[in-house]
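Novice: This structure is in structure tokens; I'll ask about it shortly.
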Amino acid sequence: MLLALTLAVWARLLLQASRLHTERVTGLERPADLSAAPTVAALVPTLNEERDVEACLRALLAVDYPRLQILVSDDGSRDATVARVEALAQELPPGTLRVVSTPRDDPRRAGWTLGKSFALWIGAAQVDAEWLWFVDADVRVHPDALWRSLEACRRDGVDGFTCGGRYRNPSALAEALEVWMYTLLFAVLPLRRIRDPNEREASWLTGQFFLMRRATYEALGGHLAVKPYAQDDLALARVAKRAGHPVAYYPAAGIFDCVNYVSFSEAWHNWVRLCVLGAPWLELGLGTFLLDALALLTLAAAPPLLLLGAWRAAAEPLALGLLAAQVGVAFLLPLSMHASMRKRVWTALLYPLTAALAGLLVLQVCLRLKRTVAFHHQALEQDRPHA
């Protein structure tokens, strides 16, 4: 049972990996002359981001691209976020870095579900550039991130680009938990349909990092078009694809680093929230999460049970060898996942504890999803264009 389950998970992951084509991003050549490249405005939404904003901005300032302007659109921070941005701006040539801050009582906020969407809508109106680059404050872009993204758009003939990054977590337990959650997400993500421009209902956008041609963004209505939605990135991806503007998505491009969460409790809370809000957009129902929870809990429970029963097989070398092989295969799966995601490999030894925790997290998702999925499906159906 354990061996069959593990092999089934591996088969699914290998199938998905065959669709990544990561080399199509990493293998791009830098243009010889970027002086005539299109202008780009990096928009960084902030709300109480004093911990991260300076490191994010310094990474953007180090980007290998001469025609870049940076705007921080603050959503009414109550900490030192704005002060830190302004202090950094004083060190730079005029116009390199600006900040616009919108007070919490701004009447234009009426009807916006997500403050981040509102901040980005405000920020987009403040810049003059051919492309808009949306980057979250917890992201550290690599120096080659922008020209690679633009080159991918040019080569693929698309007006938008998004990708996954390399994710770090100070908490070892949270990092190991996230490996399981990313694996589950990756296993169910319909990559073929997402990349098919004719599949208008399957789309994806990583809100932490995405690039879009300004003319396309404005034609779609920008973030104003997703004003009612709490999952603004997936909503914008759906709007774009339905309008015939698919966004190129490369899950494993790895051209930025990100520390999503700094503690286990923060990781737990946000993964539950993301799964609940994102499930309807990916057309994932309650049954999918129940099966995921069952698979995780089975993987978690099998090695201890096998080891407890090993004494019965001690007298039979063949049976004992089979038990040892099954336990080894069970541990090999998380080890390979940690290595492929460039995580601390030793944290894979926390399995089966982390597999059990991930299973319990998914069960909590099931409880919340049952109450919210009907509402989200209704909203998506209302948003669906009529033939």
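Novice: Which of the residues spanning the stretch 230-280 are surrounded by 17 or more Cβ atoms within 10 Å (Cβ to Cβ), part of a loop (DSSP other than H, G, I, E, B) and free of Cβ contacts under 8 Å to residues at least 40 places away in the same chain?
Specialist: none
Novice: Check Leu13 against each of (1) under 22 Å from the mean Cα position of the chain (by Cα); (2) closer than 30 Å to Trp121 by Cα; (3) at pLDDT below 90 and name the one condition it does not meet.
Specialist: The one condition Leu13 does not meet is (2).
Novice: If you don't mind, there's one more thing I want to ask. For Gly95, which of the numbered conditions (1) over 27 Å from Thr206 (Cα atoms); (2) free of Cβ contacts under 8 Å to residues at least 24 places away in the same chain; (3) not aromatic (Phe, Trp, Tyr) fails to hold?
Specialist: Of the numbered conditions (1) over 27 Å from Thr206 (Cα atoms); (2) free of Cβ contacts under 8 Å to residues at least 24 places away in the same chain; (3) not aromatic (Phe, Trp, Tyr), the odd one out for Gly95 is (2).
Novice: Kindly indicate the residue of the stretch 206-229 that is of a type in the set (D, E, K, R) and assigned to a helix (DSSP H, G or I) and also surrounded by the fewest Cβ atoms within 10 Å (Cβ to Cβ) among those meeting that condition.
Specialist: Just the residues of the stretch 206-229 that are of a type in the set (D, E, K, R), to begin with: 213-214, 218, 227.
Pick out the ones that are also assigned to a helix (DSSP H, G or I) and you get 214, 218.
Values: Arg214: 20, Glu218: 14.
Filtering the stretch 206-229 for residues that are of a type in the set (D, E, K, R) and assigned to a helix (DSSP H, G or I), the one surrounded by the fewest Cβ atoms within 10 Å (Cβ to Cβ) comes out as Glu218.
Novice: Please work out if Leu299 is at pLDDT below 85, buried (at least 20 other Cβ atoms within 10 Å of the Cβ), outside any loop (DSSP other than H, G, I, E, B) and among the aliphatic types (A, V, I, L, M). Give the derivation first.
Specialist: Numbers: at pLDDT below 85: yes; buried (at least 20 other Cβ atoms within 10 Å of the Cβ): yes; outside any loop (DSSP other than H, G, I, E, B): yes; among the aliphatic types (A, V, I, L, M): yes.
Spelling it out, Leu299 is indeed at pLDDT below 85, buried (at least 20 other Cβ atoms within 10 Å of the Cβ), outside any loop (DSSP other than H, G, I, E, B) and among the aliphatic types (A, V, I, L, M).
Novice: Give just the number: which of (1) of a type in the set (D, E, K, R); (2) modelled with pLDDT under 95; (3) within 19 Å of the chain's Cα centre (by Cα); (4) buried (at least 17 other Cβ atoms within 10 Å of the Cβ) does Arg140 not satisfy?
Specialist: Here Arg140 meets the rest and fails (2).
Novice: Pick from the stretch 30-51 the residues that are part of a loop (DSSP other than H, G, I, E, B), in contact with a strand residue (DSSP E or B) (Cβ under 8 Å, 6 or more places away or on another chain) and not hydroxyl-bearing (Ser, Thr, Tyr): which of them is surrounded by the fewest Cβ atoms within 10 Å (Cβ to Cβ)?
Specialist: Taking the stretch 30-51 as the starting set, the residues that turn out to be part of a loop (DSSP other than H, G, I, E, B) are 30-39, 47-51.
Restricting the remaining residues to those that are in contact with a strand residue (DSSP E or B) (Cβ under 8 Å, 6 or more places away or on another chain) gives 38-39, 47.
Restricting the remaining residues to those that are not hydroxyl-bearing (Ser, Thr, Tyr) gives 38, 47.
Numbers: Pro38: 14, Leu47: 17.
Of everything passing the filter in the stretch 30-51, Pro38 is surrounded by the fewest Cβ atoms within 10 Å (Cβ to Cβ).
Novice: Kindly establish whether Leu224 is touching a residue at least 12 places away in the same chain (Cβ under 8 Å) and within 30 Å of Pro143 (Cα to Cα). Step through it out loud before you land on a result.
Specialist: Working: touching a residue at least 12 places away in the same chain (Cβ under 8 Å): yes; within 30 Å of Pro143 (Cα to Cα): no.
Against the criterion (touching a residue at least 12 places away in the same chain (Cβ under 8 Å) and within 30 Å of Pro143 (Cα to Cα)), Leu224 does not qualify.
Novice: Let me ask you something else. Take the stretch 16-52 and flag every residue that is modelled with pLDDT of 65 or more and polar (S, T, N, Q). Walk me through it before giving the result.
Specialist: Quick first cut of the stretch 16-52, residues modelled with pLDDT of 65 or more only: 24-52.
Residues satisfying the conditions are Thr26, Ser35, Thr39, Thr46, Asn48.
The values are calculated or read from the model by the stated rules, or taken from the named source; none is laboratory data. No experiment lies behind these values; they were computed from the predicted model shown. FYI the Cβ positions are ideal-geometry reconstructions off the backbone, even for glycines, and counts take in every protein chain you see.
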